1. Could you pull out the residue among Val75, Val115, Val80 that is farther than 19 Å from Thr8 by Cα and of a type in the set (Val, Ile, Thr)?
2. For region 23-43, what are the residues that are of a type in the set (A, V, I, L, M), in a helix (DSSP H, G or I) and more than 23 Å from Val117 (Cβ to Cβ)?
3. Select from region 77-112 the residues that are among the small types (Gly, Ala, Ser) and surrounded by fewer than 13 Cβ atoms within 10 Å (Cβ to Cβ) and write down the one among them that is modelled with the highest pLDDT.
4. If you scan region 23-56, which residues turn out to be open to solvent by 20 Å² or more (accessible area, probe 1.4 Å), under 20 Å from Leu155 (Cβ atoms) and not hydroxyl-bearing (Ser, Thr, Tyr)?
5. Starting from region 52-68, keep only residues that are on the phi < 0 side of the Ramachandran plot and part of a helix (DSSP H, G or I), then list their pairs with residues that are among the polar types (S, T, N, Q) and open to solvent by less than 70 Å² (accessible area, probe 1.4 Å) whose Cβ atoms are within a distance under 8 Å, requiring at least 6 positions of separation or different chains.
6. Kindly provide the set of residues from region 8-22 that are open to solvent by less than 10 Å² (accessible area, probe 1.4 Å) and in a loop (DSSP other than H, G, I, E, B), ordered by number.
7. When only residues in region 115-137 that are exposed (fewer than 15 other Cβ atoms within 10 Å of the Cβ) and within 16 Å of Ala65 (Cβ to Cβ) count, which is modelled with the highest pLDDT?
8. When you go through (1) in a strand (DSSP E or B); (2) open to solvent by 20 Å² or more (accessible area, probe 1.4 Å); (3) among the hydrophobic types (A, V, I, L, M, F, W, C) one by one for Val5, which number turns out not to apply?
Amino acid sequence: MRVYVPLTLPGLADAYKTGELGAGPVVAYAVTPALREWYLSDDIEELEYAALSRSALASLRLLAAEPGAPRRRVVVAVDVPDGAAMADPDRGLDPAALGEVRVAGTVPLAKAAAVHVDAAEAEADVTAAAEALEAADGGDDDAQFVVDGAEDHELLWYATQEIPNLVGLGS
């Protein structure tokens, strides 16, 4: 099963140093029954993109809580065994939890298929979105427009071998 783990660049650096994305449960996003129902699509690529987008929003939330982190969203695509990721049935109908799963146990970085990161050009919009997130959560339509502006930037795809360069540890 493919899951999308939201991180920040410092979180990715930590994962690179430790070799794991977390000891579990790790919050991630995946194609869940609720996500399928919400997006009304049978196209797996569209659904995977929706899960990736949900994870990018979660990464934005991490950035809002970590003011010193570079303002670039980070999502790690990881393959975990079927059954390792479980959706919380009590949050299944909560729109904020669409696609959210918990991965039990350690999630080794070696299982990562790819890393998705904002380009440097997105930093201004991601910064503004992180600053507007709290107001958007409170129902401010203008702030939501700013948050949605970060979604206008496609995350770039990187091979896992590129992680050292992404986090500034490469030669």
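The values are calculated or read from the model by the stated rules, or taken from the named source; none is laboratory data. Fair warning: this is a prediction, and the values are worked out from it, not measured in the lab. Don't worry about glycine lacking a Cβ; one is built from the backbone with ideal geometry, like all the others, and counts go over all protein chains shown. In case anyone asks, the SASA skips ligands and DNA or RNA and just uses the protein heavy atoms, side chains included. Shrake-Rupley method; radii C 1.70, N 1.55, O 1.52, S 1.80 Å.
1. On the way: Val75 fails: farther than 19 Å from Thr8 by Cα; Val115 fails: farther than 19 Å from Thr8 by Cα.
Every option except Val80 fails the conditions.
2. Step one: of region 23-43, the residues of a type in the set (A, V, I, L, M) are 23, 26-28, 30-31, 34-35, 40.
Restricting the remaining residues to those that are in a helix (DSSP H, G or I) gives 34-35.
Listed by number, the list holds a single entry, Ala34.
3. Going through region 77-112, the residues among the small types (Gly, Ala, Ser) turn out to be 77, 83-85, 87, 92, 96-97, 99, 104-105, 110, 112.
Then keep just the ones that are surrounded by fewer than 13 Cβ atoms within 10 Å (Cβ to Cβ); that gives 83, 96, 110.
Values: Gly83: 86, Ala96: 73, Ala110: 92.
In this case the residue turns out to be Ala110.
4. Correct list: Val27, Val31, Asp43, Ile44, Glu45, Glu46, Glu48, Leu52, Arg54.
5. Pairs found: Ser59/Thr8; Leu62/Thr8; Leu63/Thr8.
6. Thr8
7. Applying the filter and picking the extreme gives Glu134.
8. Of everything listed in (1) in a strand (DSSP E or B); (2) open to solvent by 20 Å² or more (accessible area, probe 1.4 Å); (3) among the hydrophobic types (A, V, I, L, M, F, W, C), Val5 misses just condition (2).
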